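Below is one structure, written out as C-alpha cells; comments come after it.
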Amino acid sequence: MNCGSYDLQRFIDLGDQPNGNHFPTPEIKDQELVFPFAMMICKSCHQVQLEEFPAPEFMFSNHPYVTGVNMPVVDHFDWMAKRTVERFRIPENSLVIDIGCNDGTLLRKFQDHKMRVLGVDPGRLTGELCREAGTTVCETFWNEATGRALSQLNVRPRLITATAVFYHVQDIHDFIRGLTAVMDDKTIFLTQCVNLKDVIQKCQFDHFYHEHTMIHSIGPLKRLFEEHGMRIIDVEHVDVHGGSFLCYVGLNSNENVTSPAVEKWIRDEEKAGLYDIDAYNEFTQKVETNRDDLQKLLKGLKDDGKSVWALGAPLKGSTLLNYCDIGPDLCQKAVEVNKFKIGKLTPGTHIPIEDEKSQAERPDYYLVLSWNFLPFFVEKYKDYLASGGKFIVPNPSVHVVGEGGKEVA
C-alpha cells in the first residue's frame, strides 16, 4: 500500500465485524454485512494497514459523521485554521481545498480568514449540509483524476487540507498524484492523522476500523512523499482524537525549509519501537487484557443491578463494542446528538441509540465510547459526576472516573 512490498505481518485480528458507520434500524438489523477485520504491519516500510476493506462507495456515500456537532473538533479547527494561515503567511483571497470536507466546518473557519474555499467529498448526507451552509462542494472522491480535472480548470490552491481523511484511502499513491496535479512551489498540503505512536502506547485499538485503511507514522510517510517528489516540511503533535499529528507537506521545490522536527519525530518513533514487530505484539496483549477487564467490570455491574449507557455512538465505539462482545444486556442504550444515528442501533451489537437531550433520567455509569473527548464530557456532565455518576473509560487501561474526571476505585 505504501512501498509495494508483500512482506506483511498480521498483529491483531478483531474478528468479522460490520462497517461501524452503517447504523441499522430494528427492521433490518438481521441483514447486516460483516467483513474480516485484521491489522498488519509492512516489515519493509513499517506502514500499519488494514488487511482487507470494503468498497469505498459502500463506506462513504452515506457517511453519517457530522463535524459540526463535535464541539471539541470545531474549536480545534478554529485554532488550526488561524495557525496555518499565520505559519505559512497565506494571503487573503487564496484558495483552500478541503478533501473530505464533511459539512464544511473547517472551510468556514478559513473563510473567517478571508479565504476562498472549495470542498471535495463523496458523502451525500454531509454534502447537503455543506451546500445548505453556502459552501461549494464537489461530490466525488479525491484521486489523480479529480486533481487533473481541477488542474485543467486552472484551479491552483494555496492550501489543501485533509483532516481524518488521509488514512481512509485505498490507493494512497493515486491520492498523492491528485495532490501534485494541482500543487505548485507555494502550495501546502496539510493532513491531520491519528498518531500511531499514541495508538500503540495508549492501547487505542478502537482507532482501527474498516474506514482506516492505514494508521500513519511519519517515517513511512516521509518515504511515501519522497517517491512523489514531495517532502514533509514540518510536523507537530495535537491532542485531538486522543493524539494526532499535523503534517505539512510541499513539493521538493516548495519555498519553505524543512523543520528539524521531522527527523526528531522519526527518531522518537524508532525509540518507541514502531519499526519493530515486538511493539505490536505487546500492544495486542494489552488489548486482550483490556477486553477481559471491561467485560468483567460490566458483568459485575449488571450483577449488582447497576445501569450502564454508552456516551456517544462513534465509529470507534463499534470496534470496541463488537470486539468486546458488549450488547444491550451489558449496556442498555447509547445516547447521541447526531441526528443521523438517533433512532437506530449500534452496528453488530444492536444497542438502541437515543437522543441525548431527551433523557429524563441518567444511568449509574456511562461507558465513554467517545473517550477522545473525555475532558469535554467531564465538563458537560459535571453535575452528573458531582451527584455520584461515573464514567467508564476504556483506555489506556480500563478505569472509572468521577467528579472532576478523577479516577475512583
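The values are calculated or read from the model by the stated rules, or taken from the named source; none is laboratory data. Remember, it's a predicted structure, so these values are computed and weren't measured experimentally. For neighbour counting, all protein chains shown are included, and Cβ atoms are generated from backbone atoms with ideal geometry for every residue, glycine included. The protein model used for the area step is the full one, side chains on, heavy atoms only, and it has no ligands, DNA or RNA in it. Shrake-Rupley method; radii C 1.70, N 1.55, O 1.52, S 1.80 Å.
Selection over the stretch 112-133 of residues that are touching a residue at least 24 places away in the same chain (Cβ under 8 Å) and either within 23 Å of the chain's Cα centre (by Cα) or surrounded by fewer than 19 Cβ atoms within 10 Å (Cβ to Cβ) (or both) gives a count of 12.
When the stretch 126-144 is limited to residues that are within 18 Å of ALA164 (Cα to Cα) and in a helix (DSSP H, G or I), the one that is modelled with the highest pLDDT turns out to be CYS130.
Of the strands (runs of 3 or more DSSP E) entirely within the stretch 306-360, those holding at least 1 residues that are within 18 Å of the chain's Cα centre (by Cα) occupy 308-311, 333-336. Scan the stretch 157-205 residue by residue and report those that are open to solvent by 10 Å² or more (accessible area, probe 1.4 Å), under 25 Å from ASN256 (Cα atoms), modelled with pLDDT of 95 or more and assigned to a loop (DSSP other than H, G, I, E, B). Result: ARG158, MET183, ASP184, ASP185, LYS186.
Figure legend. Inter-residue proximity from the stretch 160-176: first residues closer than 14 Å to PHE53 by Cα, second residues of a type outside the set (Val, Ile, Thr), beta-carbon distance below 6 Å, spacing 6+ or different chains. Indicated pairs: TYR167/CYS193; TYR167/HIS212; TYR167/MET214; TYR167/HIS216; HIS168/GLU211; VAL169/PHE175. Does LEU301 qualify as being surrounded by 14 or more Cβ atoms within 10 Å (Cβ to Cβ), at negative phi and not in a loop (DSSP other than H, G, I, E, B)? When the stated conditions are applied, LEU301 passes them. Selection over the stretch 90-125 of residues that are assigned to a loop (DSSP other than H, G, I, E, B) and of a type outside the set (Lys, Arg) gives a count of 16.
Taking the conditions (1) at pLDDT below 95; (2) in contact with a helix residue (DSSP H, G or I) (Cβ under 9 Å, 6 or more places away or on another chain) in turn, GLU255 satisfies each one other than (2).
Of all residues in the stretch 238-260, those satisfying the criterion of being closer than 30 Å to PRO375 by Cα and surrounded by 14 or more Cβ atoms within 10 Å (Cβ to Cβ) are VAL238, VAL240, HIS241, GLY242, GLY243, SER244, PHE245, LEU246, CYS247, TYR248.
Candidates in the stretch 134-149 are the residues that are out of contact with any strand residue (DSSP E or B) (no Cβ under 7 Å at 6 or more places or on another chain) and without any contact (Cβ under 8 Å) to a residue 40 or more places away in the chain; of these, the one that is surrounded by the fewest Cβ atoms within 10 Å (Cβ to Cβ) is GLY134.
Scan the stretch 379-392 residue by residue and report those that are of a type outside the set (Ser, Thr, Tyr) and either closer than 17 Å to LYS302 by Cα or surrounded by fewer than 19 Cβ atoms within 10 Å (Cβ to Cβ) (or both). Answer for the stretch 379-392, where residues must be of a type outside the set (Ser, Thr, Tyr) and either closer than 17 Å to LYS302 by Cα or surrounded by fewer than 19 Cβ atoms within 10 Å (Cβ to Cβ) (or both): GLU379, LYS380, LYS382, ASP383, ALA386, GLY388, GLY389, LYS390, PHE391, ILE392. Within the stretch 21-34, residues that are on the phi < 0 side of the Ramachandran plot and open to solvent by 60 Å² or more (accessible area, probe 1.4 Å) sit with their Cβ atoms under 7 Å from residues that are part of a loop (DSSP other than H, G, I, E, B) and modelled with pLDDT of 90 or more, at 6+ positions apart or across chains, in these pairs: HIS22/PRO347; LYS29/HIS350; VAL34/ASP16.
Which members of the stretch 349-387 meet the condition of being over 20 Å from ASN322 (Cα atoms) and of a type in the set (Phe, Trp, Tyr)? Scanning the stretch 349-387 gives PHE373, PHE376, PHE377, TYR381, TYR384. Reported count of residues in the stretch 261-292, each being in contact with a helix residue (DSSP H, G or I) (Cβ under 8 Å, 6 or more places away or on another chain), open to solvent by 20 Å² or more (accessible area, probe 1.4 Å) and not in a helix (DSSP H, G or I), is 2. Take the stretch 94-110 and flag every residue that is within 14 Å of PRO157 (Cα to Cα) and open to solvent by 10 Å² or more (accessible area, probe 1.4 Å). Selection gives SER94, LEU95. Residue pairs whose Cβ atoms lie under 6 Å apart, sitting 6 or more positions apart in sequence or on different chains, and linking a residue in the stretch 386-398 that is within 14 Å of GLY242 (Cβ to Cβ) to a partner that is open to solvent by 20 Å² or more (accessible area, probe 1.4 Å) and part of a loop (DSSP other than H, G, I, E, B), are ASN395/LYS202; PRO396/LYS202.
Pairs linking a residue in the stretch 303-317 that is closer than 13 Å to GLN204 by Cβ to a residue that is assigned to a strand (DSSP E or B), with Cβ atoms under 7 Å and 6 or more positions apart or on different chains, are GLY317/ALA310.
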